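Data block below; observations after.
The values are calculated or read from the model by the stated rules, or taken from the named source; none is laboratory data. Worth saying up front: this structure is predicted, and the values here are computed from it rather than measured. All Cβ positions, glycine included, derive from the backbone under ideal geometry; neighbour counts span all protein chains shown. Heavy atoms of the whole protein, side chains included, go into the accessibility calculation; ligands, DNA and RNA do not. Shrake-Rupley method; radii C 1.70, N 1.55, O 1.52, S 1.80 Å.
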Amino acid sequence: MIDEHFDAIVIGAGMGGNAAALTMAERGLKVLQIERGEYPGSKNVQGAILYSEMLEKIIPNFREDAPLERHLVEQRFWMMDDRSHTGLHYRSEDFNEEKPNRYTIIRAQFDKWFSSKVREAGAVVLCETTVTELVKDTFGRVIGVRVDRAGGFVRADVVVIAEGVSGLLGTRANLRDIPKAANVALAVKEMHFMPRETIESRFNIKGDEGVVIEAAGTITKGMTGMGFIYSNKECVSIGIGCLVSDFQKAGETPYGLLERFKRHPSVAPLIEGSEVKEYAAHLIPEGGYKAIPQLYGDGWVVVGDAAQLNNAIHREGSNLAMTSGRLAGEAIARIKTRRDPMTADNLAVYKELIDKSFIMKDLKKYKDMPSLLHTQSQNFFLTYPQLVNKAMENFVRVDGTPKREKEKLTMRAFVAARTWWGLIWDAFSLARAWR
Ligand SMILES: Cc1cc2nc3c(=O)[nH]c(=O)nc-3n(C[C@H](O)[C@H](O)[C@H](O)COP(=O)(O)OP(=O)(O)OC[C@H]3O[C@@H](n4cnc5c(N)ncnc54)[C@H](O)[C@@H]3O)c2cc1C
């Protein structure tokens with residue numbers, strides 16, 4: 001047994017774990033953070049877009065030394081068929097602001113930096129150590145963790161479970177169910193390296209400006225999923241992901257889809273001549289509001305992906321993880337200040353904070369969404385994209401067909417696909433801004 005008692009143990013040094021550990025260490029708690037990877041970030045995968053607002057609440061001056069890639073000035077959404085895409089692009093000079101709102105990042109570098117802040121705040125960070133079990137007392141209260149090191153039982157008043165999407169520890173300890181295949185996506189991603197100037201000319205950007213492309217349509221062969229292309233300083237991240245249950249049904253492979261996506265005529269020129277240096281695969285929780293498990297109990301709280309706190313419709317995860325980690329840290333620090341025990345009754349304040357935050361409000365708003373997309377995936381990801389692209393071709397091709405006939409055909413296709421566009425519209429949050 002590691003002969004020390006901690007106020008809190010944090011399992012995992014990803015976005016949620018780092019936020020929780022830093023928040024508690026800064027408030028004077030004695031914190032042990034345990035990460036199985038060689039270093040924080042070595043196991044972590046993200047597109048990756050960082051949302052400044054949520055990090056600012058934890059590290060207000062993060063722009064001074066965080067490893068940021070590009071700030072985003074343009075968002076493109078592509079609805080694809082096999083040879084074309086119809087796009088919705090938004091670009092604004094307003095995003096060239098003093099404190100940009102979104103950045104691309106590379107998680108291996110970013111998590112290392114985030115973890116350095118955790119250490120500076122006084123937490124003990126133990127890497128290359130896997131938590132094998134949550135240890136409970138005879139009353140079922142979590143009293144510490146067992147790790148894969150000699151003598152590995154460590155005690156703490158409370159354990160923050162920030163182990164990410166697979167959530168094996170929580171499942172083994174009967175704190176949550178195994179995530180269903182219809183509630184998790186499997187995404188694969190490659191990093192394509194090329195000179196900075198090539199990226200800037202291909203994406204029409206300068207300096208540290210960046211572009212995000214999100215793509216849906218026949219690229220996922222009728223399965224619920226999306227592709228993405230993010231510009232970093234000297235590389236482009238390209239990936240695709242679909243629900244695990246869809247992969248099981250369709251018998252498709254993730255790398256097969258990625259190869260196909262890369263060969264698409266709209267995509268291939270963006271990565272031509274690049275050198276692939278990294279390949280990664282990871283799960284994403286996509287069950288939404290209905291898949292959220294119990295968030296706290298006697299001696300434990302769960303944050304981030306392990307709690308299924310992920311907004312698949314808006315492709316946000318790291319910000320929910322950081323915010324839930326911060327709120328868990330704040331709740332625990334409050335209880336500690338009052339010298340109260342870490343009972344479920346006292347830790348319920350964490351859930352109250354989550355309920356009041358954007359996390360639960362957003363997830364509640366889309367509570368039927370993942371299943372809607374799933375049950376109509378052939379329409380959303382095969383039929384409508386083909387219809388819309390055909391309609392666009394019909395509209396722009398000059399071939400002697402009277403314009404009235406062309407307009408009728410085009411309108412018919414867009415009306416059929418209106419739900420799709422409604423979703424995209426919403427996803428871009430324009431509707432929210434106009435309400
Ligand atoms: C391809 C892809 C693209 C994405 N793109 C975006 C995006 O652009 N923007 C966005 O906001 N989100 C994105 N996400 C989601 C985002 O990555 C997650 O929501 C976020 O990483 C969740 O943070 P977390 O701390 O909960 O989990 P993680 O970041 O997964 O961290 C969990 C940590 O726990 C450690 N761990 C696990 N088990 C143990 C154990 N037993 N013992 C010790 N350590 C353990 C792991 O090694 C890991 O470091 C993307 C995800 C994927 C897969």
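Annotations for the structure displayed:
Matching residues to (1) open to solvent by less than 20 Å² (accessible area, probe 1.4 Å); (2) in a strand (DSSP E or B); (3) under 27 Å from GLU214 (Cα atoms):
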site	(1), (2), (3)
PHE77	yes, yes, yes
GLY87	no, yes, yes
GLU97	no, no, yes
ALA108	no, no, yes
VAL135	yes, yes, no
GLY151	no, no, no
ASP157	no, yes, no
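- Residue check, ASN18 among the polar types (S, T, N, Q), under 24 Å from ARG315 (Cβ atoms) and surrounded by fewer than 24 Cβ atoms within 10 Å (Cβ to Cβ): no
- Checked across the stretch 27-46, the condition of being closer than 22 Å to PRO341 by Cα, buried (at least 23 other Cβ atoms within 10 Å of the Cβ) and of a type in the set (Gly, Ala, Ser) holds for no residue.
- Residues that are closer than 24 Å to VAL212 by Cβ, more than 8 Å from the ligand (Cβ to nearest atom) and part of a strand (DSSP E or B), drawn from the stretch 282-326: ASN311
- Residues (under 26 Å from LYS206 (Cβ atoms), open to solvent by 10 Å² or more (accessible area, probe 1.4 Å) and not in a strand (DSSP E or B)) located in the stretch 57-73: ASN61, ARG63, GLU64, ASP65, ALA66, PRO67
- Flag if THR253 is open to solvent by 10 Å² or more (accessible area, probe 1.4 Å) and over 18 Å from the mean Cα position of the chain (by Cα): yes
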